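Colleague: Let me begin by handing over the structure; questions about it come next.
The values are calculated or read from the model by the stated rules, or taken from the named source; none is laboratory data. Keep in mind that this is a model prediction, so the values were computed, not measured. Because the Cβ atoms are built from the backbone with ideal geometry, glycine has one as well, and the counts that use them run over all protein chains shown.
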Amino acid sequence: MPTPAQPRTGTLIVGNCQAGVQIASTLRELGDTEPITLVGEEPHAPYQRPPLSKAFLKGEATADSLAFRTHDFYREHDIELVTRERIVTITRDETGGVAVAESGRTFPFARLALATGAVPRTIPFEGSELEGVSYLRTATEATVLEQQLHQATNVVVVGGGFIGLEVAAGARAAGKYVTVLEAAPRLIGRAVCEQTSEFYLQAHRRRGTRVVLNAKVVRFTGEHDRVTGVELGDGTVVPAEVVLIGVGVIPRTELAGQLGLQVDNGIVVDTHALASDGLTVAAGDCANMPNPSIADFGQGRLRLESVQNAVEQAKVAAATLLGQAAEHKTVPWFWSDQADLKLQIAGLSGEHDQVVLRGDPDSEKFSLLYYRDGILIAADCVNSPLDFMAVRNALHKGQSVPAALAADSSVPLKKSVTDVLLPVPSPAA
Ligand SMILES: Cc1cc2nc3c(=O)[nH]c(=O)nc-3n(C[C@H](O)[C@H](O)[C@H](O)COP(=O)(O)OP(=O)(O)OC[C@H]3O[C@@H](n4cnc5c(N)ncnc54)[C@H](O)[C@@H]3O)c2cc1C
């Protein structure tokens, strides 16, 4: 418990990555002069994760070069940055509380923010412990993976989601024999429609990556504690010196659970990033928040895993800690770089009933626009940044693009954006 020498003042932010750093810097931008402590368990100063599956694996980045801020920034903004401390318990009441790290160090606080992120979902196959079998979330893991890839000839990626496909593309570009094993009937199935999945399937195959859909992984084979392959349900063994498992993440909610906060696929928060105790805020990959862009379609809330989501929620969380009114109301967006293909997604496509193709997938430059009841709700844009910007801006302003006009790629999409949903002219008119 805190001693008199450790008064419960200031804000403690647990988790010092995208959301945590943003909460700290927004608190200062909003004029907070109280102490801020930003605690994380990783050894590095806070850094960007997205390049870990991209530039980092090519040896073009390090944890240092990916740092969000210089050490001077934290000093100048009077933010106490603490690394290598894992918080294991937190107790609190209305006036504050204390967090205790594994090391025994205590962190008293008046206000508490949880930005604990997520960890890779693990799969308990026989052979998972073999050297060469890895997951990718941290710079430490990326460093090991980069070294292993360097020495490997055969690489297997288990999971055809964004991270798996980014690693596959990088390894293939580096001349490795790459096999992607996806359990589902299509790639990136949770995030995009069938057309986008099919495009990425063909695009990876064109670049020489072998992709197996409906794959059933049985176990990892090995010799002398090193992985040698991945055995499938039909008995075939795909050779591998490196196996990267990318099958999703699990939100880190242990501390929220200890505090008795409502947890349901993440820490349940309201649009102000406030958890169920009405005191603690949570933001980023660990938080499950109502999202206005899906509220009308009955789903109401969701947990997103993206930089933009972490940043926007963190800004709201900081304002809430200071008693200022702020609400999460932004349009979600996301990107993924696979080889020379830049996918940019605006909006949430889950509830669509129509998809309009704009451009030619064979040219590897096209967009798929998603509609619900004739209203634009999202787009997947491949090497089409102008379409992405047009859709993102339109969604932000509550505008749409008539579906019949969207397909004409000779007209810039932003010229077809409309406030009022005009009747679409028939070709004969
Ligand atoms: C390889 C990779 C590629 C990605 N690519 C993209 C992309 O292209 N585009 C995109 O939008 N998003 C991408 N993402 C997702 C994006 O990085 C995350 O959405 C974002 O990092 C979430 O930030 P966060 O702060 O919520 O969580 P995290 O980044 O997970 O940070 C949480 C931090 O809290 C620490 N922590 C947790 N519990 C404790 C504790 N008890 N004590 C101390 N510290 C603790 C963790 O160690 C971690 O450092 C990618 C992620 C990965 C891993």
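Colleague: Does residue 88 meet the test of being part of a strand (DSSP E or B), of a type in the set (A, V, I, L, M, F, W, C) and surrounded by fewer than 17 Cβ atoms within 10 Å (Cβ to Cβ)? Please lay out each step first, then the result.
Modeller: Numbers: part of a strand (DSSP E or B): yes; of a type in the set (A, V, I, L, M, F, W, C): yes; surrounded by fewer than 17 Cβ atoms within 10 Å (Cβ to Cβ): yes.
Taking the combined requirement at face value, the residue satisfies it.
Colleague: Considering only region 96-133, state which residues are surrounded by fewer than 18 Cβ atoms within 10 Å (Cβ to Cβ) and within 20 Å of the chain's Cα centre (by Cα).
Modeller: Matches in region 96-133: 119, 121, 122, 123.
Colleague: Only one of 99, 45, 24, 61 is more than 10 Å from the ligand (Cβ to nearest atom), outside any loop (DSSP other than H, G, I, E, B) and either aliphatic (A, V, I, L, M) or at pLDDT below 95 (or both). Can you tell me which?
Modeller: Checking each option against the conditions leaves just 24.
Colleague: Only one residue in 280, 209, 228, 236 is surrounded by 16 or more Cβ atoms within 10 Å (Cβ to Cβ), in the same structural domain as residue 164 (by TED's automatic domain parsing) and over 26 Å from residue 190 (Cα atoms), so which one is that?
Modeller: Matching residue, one of 280, 209, 228, 236: 228.
Colleague: I need the full set of residues from region 364-402 which are surrounded by fewer than 17 Cβ atoms within 10 Å (Cβ to Cβ) and assigned to a helix (DSSP H, G or I), in order please.
Modeller: 385, 386, 389, 393, 396
Colleague: Among the residues that make up region 381-396, is at least one of them over 17 Å from residue 336 (Cα atoms), of a type in the set (Lys, Arg) and in the same structural domain as residue 350 (by TED's automatic domain parsing)?
Modeller: No, region 381-396 has no match at all.
Colleague: If you go through region 242-257 one residue at a time, how many are surrounded by fewer than 18 Cβ atoms within 10 Å (Cβ to Cβ) and either part of a strand (DSSP E or B) or near the ligand (Cβ under 10 Å from one of its atoms) (or both)?
Modeller: Residues meeting the conditions: 2.
For every residue, the table says whether it meets (1) near the ligand (Cβ under 10 Å from one of its atoms); (2) over 21 Å from residue 50 (Cα atoms); (3) small (Gly, Ala, Ser).
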site	(1), (2), (3)
106	no, yes, no
129	no, yes, no
138	yes, no, no
141	yes, no, no
156	no, no, no
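Colleague: Hey, another quick one. Please verify whether residue 25 is among the polar types (S, T, N, Q), touching a His at 6+ places or on another chain (Cβ under 8 Å) and under 23 Å from residue 305 (Cα atoms), treating the condition exactly as stated.
Modeller: yes
Colleague: Return the pairs, sorted by first residue and then second, in which the second residue is not in a loop (DSSP other than H, G, I, E, B), the first residue lies in region 317-333 and is surrounded by fewer than 17 Cβ atoms within 10 Å (Cβ to Cβ), the beta carbons are less than 8 Å apart, and the residues are 6+ apart or on different chains.
Modeller: Close Cβ pairs (under 8 Å, with a partner that is not in a loop (DSSP other than H, G, I, E, B)) amount to 322/27; 325/319; 327/316; 329/292.
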